[in-house]
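One structure below.
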Amino acid sequence: MSQAEFYQRDRERHPAALTPDYKTSVMRSPRAALISLQQSVSEITGPVFGHNDIDPIDNDLIHNYAKDGESAIGERIILHGRVLDENGRPVPNTLVEAWQANAGGRYRHKKDSYLAPIDPNFGGCGRTMTDENGFYFFRTVKPGAYPWRNWVNNWRPAHIHFSLFGTSFSQRLITQCYFEGDPLIAKCPIVKTIPTQDGIDSLIAALDMNATVPLDSIAYKFDIVLRGRRSTLFENRLEGN
Amino acid sequence: MVQKLDYLKETPSQTAGPYVHIGLAPGAAGFDIYRQELGRDIAGPNAKGERIRVEGIVIDGTGNPVKDVLIETWQANAEGVYAHPESAGEVEEGFRGWGRVITDFETGEWGFDTVKPGPVKARKPLGTGPLHKPAHAGDDWLGRGDAEQGDMAPHINLWIVARGINIGLNTRLYFDDEAEANAKDPVLNLIEWHNRRPTLIAKRSERDGKVVYRFDIRLQGEGETVFFDI
Ligand SMILES: [Fe+2]
């Protein structure tokens, strides 16, 4: 049984809480400093999921809300990649959840009133478990850009929201995946909450011709890195008391 | 030049946005898609211990409720055991200890039902430092290499995401009827400002014979909840 901590979160790589160009953060960001904890059992554990929790169709957004024999409208894509930790090891059997707007940029949500139409065959969410080597994939349609109120005229680049668990509550992460070549990425105040260009680049899925399915779907590759854990090299010594 | 360290870097966080429910609680967004949504039943039917309800509201820096927040909860069972292989002990069949909590979109009020967790054993210390607490050290003694700490008071770990929150906020909920355990809790004692500690303590009451704890979370400003870098 390992009891080692996870590496501290690199706060210089994540967005700050207060990012005034993303206006909603102004009144929703704590002013006091976070209090740093040495991880206890509460932080090194987290929920465990199994294949009983989800269904095989859940990772196919083209079909998981479509009527029988029908499918979602839009550019068909495969979004695939690996979940790794900071040590470069795969994170197997971990839950990956995704949600997105449809090909027109409209979300199936009570609170979304954008004039682009709802696609009756598209729900907009999916989930899957990584395999034993940390691989996952979704079949979906490429989401459309959509407008939002921040400045008078802001548009979100095409993006898919991702939610990840890893093996501990301290690895819990929500992020967004963007797509190679999108000119809106560089203009987005939410993207620009990320303080480094390298960090931004790490959220842009690459066009992956090798993974396309000819005459069916284009593919993008999106790898995700979760916090790593102190090396087992020292485990015996650290636990040897 | 020196050799390169070949670690990867954690993927940067991005806000969960206003439509987080589509992904994590589609029923709340207004549609059914999955056989079962995750995180609806925290304790399961077989969990022992006291059944409780926790209710609250998340308040922004203007004093208004945050109506589109999503909270995840993570807790031990009444014996202080987490449903995880690295927590020593067993949990009841069906106890996951993890929940997803959404607000009423009109009022921002949220609530969840669970069992009250027990005290949690502190983790073994790491590092090569002294194994015994030095005589001069106070209750807030929590450095690396420290000796084994006492148990942690019963608590529920919370993770808060929403539009406008760029990276999920971690906090803990403690219980006001555990004053003695709270006074010794190593995490509460780490908070240097005593007047901020009560922001983490839920208030117990009874309603229609049910135990209800109230826990409001203030994101910013006066009475700001303590958030942790875990
Ligand atoms: Fe979005």
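The values are calculated or read from the model by the stated rules, or taken from the named source; none is laboratory data. Here the structure is a predicted model, which is why all the values come from computation and not from measurement. Note: ideal-geometry Cβ built from the backbone for every residue, glycine included; neighbour counts use all protein chains shown. The accessibility values were calculated without ligands, DNA or RNA, using every heavy atom of the protein model including side chains. Shrake-Rupley method; radii C 1.70, N 1.55, O 1.52, S 1.80 Å.
Just one of B:Val91, B:Val101, B:Val81 is in a strand (DSSP E or B) and not hydroxyl-bearing (Ser, Thr, Tyr); which is it? Step through it out loud before you land on a result.
Working: B:Val91 fails: in a strand (DSSP E or B); B:Val81 fails: in a strand (DSSP E or B).
Result of the check over B:Val91, B:Val101, B:Val81: B:Val101.
Name every residue in the stretch A:53-89 that is on the phi < 0 side of the Ramachandran plot, open to solvent by 50 Å² or more (accessible area, probe 1.4 Å) and not hydroxyl-bearing (Ser, Thr, Tyr), in order of residue number.
Across the stretch A:53-89, the qualifying residues are A:Pro56, A:Ile57, A:His63, A:Lys67, A:Asp68, A:Glu70, A:Ile73, A:Glu75, A:Arg76, A:Arg82, A:Arg89.
Is it the case that some residue within the stretch B:185-198 is crowded, with 20+ Cβ neighbours inside 10 Å and among the acidic types (Asp, Glu)?
Step one: list which residues in the stretch B:185-198 are crowded, with 20+ Cβ neighbours inside 10 Å, which gives B:185-188.
Restricting the remaining residues to those that are among the acidic types (Asp, Glu) gives B:185.
For the stretch B:185-198, residues crowded, with 20+ Cβ neighbours inside 10 Å and among the acidic types (Asp, Glu): present.
Just to confirm my filter: which strands (runs of 3 or more DSSP E) fall fully inside the stretch A:122-219 and include at least 1 residues that are away from the ligand (no atom under 14 Å from the Cβ)? Full working, then the answer.
On the way: elements: A:125-129, A:135-141, A:146-148, A:154-156, A:159-164, A:173-179, A:204-207.
It comes to A:125-129, A:135-141, A:159-164, A:173-179, A:204-207.
Residue under question is B:Ala83, and the condition is that it be open to solvent by less than 60 Å² (accessible area, probe 1.4 Å) and away from the ligand (no atom under 16 Å from the Cβ); does it hold?
yes
If I filter the stretch B:17-27 down to residues being open to solvent by less than 10 Å² (accessible area, probe 1.4 Å) and in contact (Cβ under 8 Å) with a residue 40 or more places away in the chain, which single residue comes out as nearest to A:Arg156 (Cα to Cα)? Walk me through how you get there before you give the answer.
Going residue by residue through the stretch B:17-27, those that are open to solvent by less than 10 Å² (accessible area, probe 1.4 Å) are B:17, B:20-26.
With in contact (Cβ under 8 Å) with a residue 40 or more places away in the chain added as a condition, the list becomes B:17, B:20-21, B:24-25.
Numbers: B:Gly17: 11, B:Val20: 15, B:His21: 18, B:Leu24: 20, B:Ala25: 22 Å.
Taking the candidates together, the pick is B:Gly17.
Of the residues A:Ser25, A:Ser29, which is facing chain B (nearest Cβ under 7 Å) and either in contact (Cβ under 8 Å) with a residue 40 or more places away in the chain or in contact with a strand residue (DSSP E or B) (Cβ under 6 Å, 6 or more places away or on another chain) (or both)? Spell out how you get there, then give the answer.
On the way: A:Ser29 fails: either in contact (Cβ under 8 Å) with a residue 40 or more places away in the chain or in contact with a strand residue (DSSP E or B) (Cβ under 6 Å, 6 or more places away or on another chain) (or both).
Just a single option satisfies the conditions, and that option is A:Ser25.
Out of the residues in the stretch B:12-47 that are facing another protein chain (nearest Cβ under 7 Å), in a loop (DSSP other than H, G, I, E, B) and of a type in the set (Val, Ile, Thr), state the one that is nearest to B:Ile156 (Cα to Cα).
Looking only at the stretch B:12-47, we keep the residues that are facing another protein chain (nearest Cβ under 7 Å), and these are B:12-19, B:21-24, B:26, B:29-31, B:33-35, B:38.
Remaining after also requiring in a loop (DSSP other than H, G, I, E, B): B:12-19, B:30-31, B:33-35, B:38.
Add one more test, that the residue is of a type in the set (Val, Ile, Thr), and what stays is B:15, B:33.
Details: B:Thr15: 23, B:Ile33: 29 Å.
Filtering the stretch B:12-47 for residues that are facing another protein chain (nearest Cβ under 7 Å), in a loop (DSSP other than H, G, I, E, B) and of a type in the set (Val, Ile, Thr), the one nearest to B:Ile156 (Cα to Cα) comes out as B:Thr15.
Which ones in the stretch B:74-96 are facing chain A (nearest Cβ under 10 Å) and either among the β-branched types (Val, Ile, Thr) or touching a Phe, Trp or Tyr at 6+ places or on another chain (Cβ under 6 Å) (or both)? Steps first, answer last, please.
Keep residues of the stretch B:74-96 that are facing chain A (nearest Cβ under 10 Å), which gives B:74-76, B:80-88, B:96.
Correct list: B:Trp74, B:Ala76, B:Val81, B:Ala83.
Please state which one of B:Gly61, B:Gly30, B:Gly56 is open to solvent by 10 Å² or more (accessible area, probe 1.4 Å), touching a residue at least 60 places away in the same chain (Cβ under 8 Å) and of a type in the set (Gly, Ala, Ser).
Details: B:Gly30 fails: touching a residue at least 60 places away in the same chain (Cβ under 8 Å); B:Gly56 fails: open to solvent by 10 Å² or more (accessible area, probe 1.4 Å).
Result of the check over B:Gly61, B:Gly30, B:Gly56: B:Gly61.
Could we say that A:Ala145 is in contact with a strand residue (DSSP E or B) (Cβ under 7 Å, 6 or more places away or on another chain), among the aliphatic types (A, V, I, L, M), open to solvent by 10 Å² or more (accessible area, probe 1.4 Å) and farther than 26 Å from A:Pro92 by Cα here? I'd like the intermediate steps shown before the answer.
Values: in contact with a strand residue (DSSP E or B) (Cβ under 7 Å, 6 or more places away or on another chain): yes; among the aliphatic types (A, V, I, L, M): yes; open to solvent by 10 Å² or more (accessible area, probe 1.4 Å): yes; farther than 26 Å from A:Pro92 by Cα: yes.
So A:Ala145 fits the description; yes.
From A:Arg82, A:Arg106, which residue is within 16 Å of the ligand (Cβ to nearest atom) and within 26 Å of A:Ile218 (Cβ to Cβ)?
Of the residues listed, the single one that is within 16 Å of the ligand (Cβ to nearest atom) and within 26 Å of A:Ile218 (Cβ to Cβ) is A:Arg106.
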